[in-house]
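Student: One structure, as C-alpha cells, below. Some questions next.
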Amino acid sequence: MCFASGVPRCIFYGLIWPFKKELIMSDNRTLIIQLKDFAGQQVTLSGWVYQARSSGKVQFIILRDGSGLCQCVVEKGKIPDDVFDKLEHLGQESSLTITGLVRAEPRSVGGFELAATNAQVIHATTDYPITPKEHGVDFLLKHRHLHLRSQRQWCIGKIRHTVIDAIRRFFNDNGFTLVDTPILMSAAGEEEQSLFEVDYFGSTLFLTQTGQLHLECAAAAFGKVYCFGPTFRAEKSKTRRHLTEFWMVEPEVAFIDLPGLLELAENFVSNIVSRVLQDNKPQLETLGADIAGLENIKPPFYRLTYTQAVEILRGEKTVKFMAEQLTQLSRQKETIEKRITELDTEQAGQIKQWKRDKNAAELIALRSDLDEINIKIENNPKHAKLAAEFQWGKDLGGSDETIISTMHDKPVFVTHYPREAKAFYMKTDRDNVKVVQNFDMLAPKGFGEIIGGSVREDDHDMLLKRIDEMGLKRENYDWYLDLRKYGSVPHGGFGLGVERTVAWLTGESHIRQCIPFPRMMDKVYI
RNA sequence: UCCCCGAUAGCUCAACCGGUAGAGCGGGCGGCUGUUAACCGCCAGGUCGUAGGUUCGAAUCCUACUCGGGGAGCCA
C-alpha cells in the first residue's frame, strides 16, 4: 500500500497537479496527497475511517479522504480525554475531521502520519458491511455504492481517470476535433440483433453501438475527428470481457491508409500506457499490475495478417505452446496439491490454535487457486483443438485471440480478415478481394482485443454492392453513400474500449471492476 | 441459447464414509505506548437457497425450481 508515497505529477502539459485549489474554491482542509509539503506543520484533514486499531493508550486510525490514506496516531494525553474515548469506538467509515502535526514516518502508509491533537466526529458509523476481509463478487456488486470507497476500486478509478484524460489529450494535442455523435440512432451501425430498442414517441430508435458512420461525415468536414462516449450492445454475452454499456473512443481520419492507422493506434496506446505509468505508478503497485511489462509497451507493436495468425494457430508453434502451458499448469497444480496435503496433515495433528487458523486461511486461498488452475487445465485441450481445427474464413474466437496474445509481450495487430466475417463498410483489399483492410489490436499476455478498426470502403459502387450483399436496406444508407459521391477520399479509424484497456493496464481479470457502475446482461445493481 | 460449478452466521469459508453445525473477520465488552488485514480474553449471532423425495435419521444422497459464478458463441 504505497499509493500515496509520491505525489503523481503531470508536468508535461504545463500543469502541476495537485492544482492550486484556491483558484477554484476556498477550503481550509489539507488533502492527504499534499502532506509531504506540510511536514512539521499543523494541518486539518477531513475524511472517513478506513481502518482502526487500538492499543490501550494509543490508537491508529487510517483516514481516507479521497486523495489517499493517512495513518493518524491518537495518543492518550495528547488529545482531550473525551475525544480520545469517542475515537476509540469509531466504526469503519465513520466521518471525521482531525487536526494534528504532520511527520515523516517510514512505517506508515504513504510515508507520513498525523499526530492528532484534536478531532471532531461528523458521523459515527457502526456495522459497515464491507470488512477488511475478502468478499464475494455478488456481495460487492450489491454494495457497489460503498465498494467504490475501497482501496482497489479507488486505484482502478484513478487509473481510469488517467486513461480517459490521456485519450482526450492525445487527440486534442494532435489536431483532432471532438465531434459528439448521437446516442439515439435511427439505423443500425452494424448488426441489428445486438441493439437496444428505445420507444421514441411511438417509433423505434436504437441506442448507439458505434459513432463511426456519423464520424465519417465529420472526418470529411474536419479531417481528423474523434468521438468519445458510452456505447451499448445488447449481446447476450456473459464473459469477463463484456458489458452492455461501455465507453469507447473512436478516431476517424481522412487521407489515411492501413499502415497509417496502425501507426496511429500504436502511438495512441503507447501514449496512454506511458501516461498511466507516469501518473499512477503507486496505484499500479497497489493493484499488483505488471509494471515492467507496461514499461515495455512502445512502438512498434507486432504485426500479423489474419492468414499468418491462422497459420500460427493451426501450426506446430501452437501445439507446442499449448502443451507447454498444460505442463506448466499441471506443475502448478501439483505444487498446490502437495501444500494442501501438507496443511491437512498439520491440521489433523496437535497444533496451536493461531496456527490452525492461519492454515485454514491458506487452505481457502489454495483451494480457490486450484479451482482456477483446474478450469484452465480443462479448457486447454478444448482451446488447442479449436485452434488446430481453425478454418480460414471464420472470425477469430476469444480463445484464439488469447493464444495469439499470450504468445506476445507487446500488443499484436492482426490485419486483413476475411471479408465475409466483417462489416459491410470495411474496405475490400484491392490486391486480395477475399480480405478487407481492417485490424484488431490484441493486448499482450492473454488480455485480448482492445481495438478494432479498418479503412472504410470509399468506392461508391463497391460499397453499394456490399450493402446489397449483406441484405441491408439501401435507403437507410443514402447519406452514408453520399460521402462516396462528393469528394470521396481514403479514410479510416478505429474504436478502443476503455474498460478493456483499464483491465489490461491494471491486471484486473474482469472488466466489470473497471467501470464505476457496470451494466451486465440481466444484471444492473444500482 | 448451450456446457460446467456453486448456495451453511452480517461477510469469507469448514463440517471426511448420512448421526440436526464450527472458525476467522465484522459487531459488543475488557486488556495491551507503535500497530500495519495488529494481538489476547469473554459475549451475541444459524428454519444449512426454496419445494418435494429416499432414510430410523439429511447441510450431506436424489429430483425440480430460484439465484449466483465461470466458459462458449458475438464483440470494444
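Throughout, read-outs are computed from the coordinates displayed, never taken from laboratory work. What you see is a predicted model, and the numbers here were worked out from it, not measured in a lab. FYI the Cβ positions are ideal-geometry reconstructions off the backbone, even for glycines, and counts take in every protein chain you see.
Student: Could you tell me how many cubic angstrom of Cα convex hull volume segment A:117-172 has per residue?
Tutor: Considering the Cα atoms of segment A:117-172, their hull volume per residue is 170 Å³.
Student: What order do you get for A:Thr305, A:Thr335, A:Thr208 when you list them from fewest to most C-beta neighbours inside 10 Å?
Tutor: A:Thr335, A:Thr305, A:Thr208
Student: Next question, about the same structure. For segment A:389-526, what does the relative contact order come out to in percent, with C-alpha contacts under 8 Å and a separation of six or more?
Tutor: Relative contact order for segment A:389-526 comes out at 18 percent.
Student: Among A:Gly293, A:Ile272, A:Leu313, which residue has its Cα positioned farthest towards the positive end of the charge dipole of segment A:259-336, with +1 placed on the Cβ of Lys and Arg, -1 on the Cβ of Asp and Glu, and the dipole taken about the Cα centre?
Tutor: Going by the Cα projections, it comes out as A:Leu313.
Student: Here's something else I'd like to know. With +1 on the Cβ of every Lys and Arg and -1 on the Cβ of every Asp and Glu, and nothing else charged, how large is the dipole of segment A:151-299 about its Cα centre, in debye rounded to the nearest 20?
Tutor: 680
Student: Now, a different point. Rounded to the nearest 20 Debye, what is the dipole magnitude of segment A:438-508 about its Cα centre when Lys and Arg each give +1 and Asp and Glu each give -1 at the C-beta?
Tutor: 80
Student: Related question: Give me the count of lysine pairs in segment A:40-153 whose alpha carbons sit under 24 angstrom apart, restricted to pairs 8 or more positions apart or on different chains.
Tutor: 6
Student: While we're looking at this one, here's another question. Under 5 Å between amide H atoms, partner at least 5 residues away or on a different chain: which partners does A:Glu449 have, H built in plane at 1.01 Å?
Tutor: Amide H to amide H, under 5 Å and 5 or more residues apart or across chains, A:Glu449 pairs with A:Ala443.
Student: I want to check the label-to-label distance for A:Arg29 and A:Glu469. Put each point 7 Å from Cα in the C-beta direction and report it in nm to one decimal.
Tutor: It works out to 6.1 nm between the two label points.
Student: Apply the Karplus curve 6.51 cos²θ - 1.76 cosθ + 1.60, θ = phi - 60°, to the phi angles in segment A:112-126 and return the couplings in whole Hz, x for Gly and Pro.
Tutor: 10, 9, 10, 8, 6, 10, 6, 7, 9, 7, 8, 8, 7, 10, 10
Student: Taking the Cα centre of each part, how many Å lie between segment A:212-245 and segment A:82-121?
Tutor: Each part reduced to its Cα centre gives a spacing of 46 Å.
Student: I've got another one for you. Estimate the FRET efficiency between A:Asn267 and A:Val319 by the formula 1/(1 + (r/R0)^6), using the beta-carbon distance for r and 25 Å for R0, to the nearest 0.05.
Tutor: For R0 = 25 Å, the calculated efficiency reads 0.10.
Student: Quick one: which residues, 5 or more positions from A:Met520 or on another chain, have an amide H under 5 Å from its amide H? H modelled 1.01 Å from N in the peptide plane, none for Pro or chain starts.
Tutor: When sequence neighbours closer than 5 places are left aside, the close amide H contacts are A:Thr244.
Student: Once you have the alpha carbon radius of gyration of chain A, what is it after dividing by 2.2 N^0.38 Å, with N set to its residue count?
Tutor: That ratio works out to 1.14.
Student: Using a Förster distance of 41 angstrom, determine the FRET efficiency expected from the C-beta separation of A:Glu378 and A:Arg430, and round it to 0.05.
Tutor: E(calc), rounded to 0.05, equals 0.35.
Student: Using Cα positions and a limit of under 17 Å, work out the aspartates and glutamates in reach of A:Lys317, with same-chain residues fewer than 8 apart set aside.
Tutor: A:Glu389, A:Asp400, A:Glu401, A:Asp409
Student: I need the P(r) histogram for segment A:383-526: all alpha carbon pairs, bin width 10 Å from 0 out to the longest distance, whole percents.
Tutor: Pair shares across the bins are 11, 30, 30, 23, 6, 0.
Student: Using Cα pairs closer than 8 Å and at least 6 residues apart in sequence, work out the relative contact order for segment A:247-327, in percent.
Tutor: Answer for segment A:247-327 is 27 percent.
Student: Do any trypsin sites (Lys or Arg not before Pro) in segment A:25-83 lie in a loop, going by DSSP, with at most 11 other beta-carbon atoms within 10 Å of their beta carbon, and if so which?
Tutor: For trypsin sites (Lys or Arg not before Pro) across segment A:25-83 that sit outside H, G, I, E and B with at most 11 neighbouring Cβ atoms in 10 Å, the list reads A:Lys57.
Student: Let me ask another. So, with +1 on the Cβ of K and R and -1 on the Cβ of D and E, and no other charges, what is the size of the charge dipole of chain A about its Cα centre, to the nearest 20 debye?
Tutor: I would put it at about 1300 debye.
Student: What is the calculated FRET efficiency for A:Lys78 to A:Arg303, with r their C-beta to C-beta distance and R₀ = 56 Å, to the nearest 0.05?
Tutor: So, using R0 = 56 Å, E works out to roughly 0.30.
Student: So, one more: Convert each backbone phi in segment A:411-420 into a coupling constant with the Karplus relation 6.51 cos²θ - 1.76 cosθ + 1.60 (shift: θ = phi - 60°), then list the ³J(HN,Hα) values in order as whole Hz, x for Gly and Pro.
Tutor: x, 10, 8, 10, 10, 6, 7, x, 4, 5
Student: Loop only per DSSP, at most 11 neighbouring Cβ atoms within 10 Å: give me the chymotrypsin sites (Phe, Trp or Tyr not before Pro) in segment A:425-526, ordered by residue number.
Tutor: Those satisfying the criteria are A:Tyr486.
Student: Answer with one residue from A:Ala221, A:Pro182, A:Ile122: the one whose Cα lies farthest towards the positive end of the charge dipole of segment A:120-231, charges on Cβ with Lys, Arg +1 and Asp, Glu -1.
Tutor: A:Ile122
Student: State which helices in chain A qualify, where a helix is a whole DSSP H run, it must extend 18 Å or more along its own axis by its Cα atoms, and its mean Kyte-Doolittle hydropathy must be at least -1.0.
Tutor: A:151-172, A:258-287, A:353-388
Student: Turning to a different aspect of this structure: Can you list the residues, at least 5 places off or on another chain, whose amide H is less than 5 Å from the amide H of A:Phe196, using H built in the peptide plane?
Tutor: Excluding prolines and chain starts, which carry no amide H, the hits are A:Leu207, A:Ala234.
Student: In whole Hz, with x marking every Gly and Pro, tabulate ³J(HN,Hα) for segment A:234-248 from phi via Karplus 6.51 cos²θ - 1.76 cosθ + 1.60, θ = phi - 60°.
Tutor: With the stated coefficients, segment A:234-248 comes to 8, 5, 8, 9, 10, 10, 6, 9, 10, 9, 7, 10, 9, 9, 9 Hz.
Student: Here is a follow-up. For segment A:188-296, what's the relative contact order in percent, using C-alpha pairs closer than 8 Å and at least 6 residues apart?
Tutor: With pairs under 8 Å counted, the relative contact order is 19 percent.
Student: Give the Debye-formula value of log10 I(q)/I(0) at each listed q (0.14, 0.15 Å⁻¹), with one equal scatterer per alpha carbon of segment A:25-88, two decimals each.
Tutor: After summing over all Cα pairs, the log10 values are -0.44, -0.51.
Student: On to the next question. Assuming 0.36 nm per residue, please report the length gained on full extension of the stretch A:Asp180 to A:Thr341 beyond their Cα-Cα distance.
Tutor: Full extension from A:Asp180 to A:Thr341 adds 52.0 nm.
Student: Right, next: Among the listed pairs A:Lys224/A:Lys410; A:Lys281/A:Lys523; A:Lys281/A:Lys410; A:Lys385/A:Lys434; A:Lys158/A:Lys382, give every one whose C-alpha distance is greater than 30 Å.
Tutor: Pairs exceeding the cut-off: A:Lys281/A:Lys523; A:Lys158/A:Lys382.
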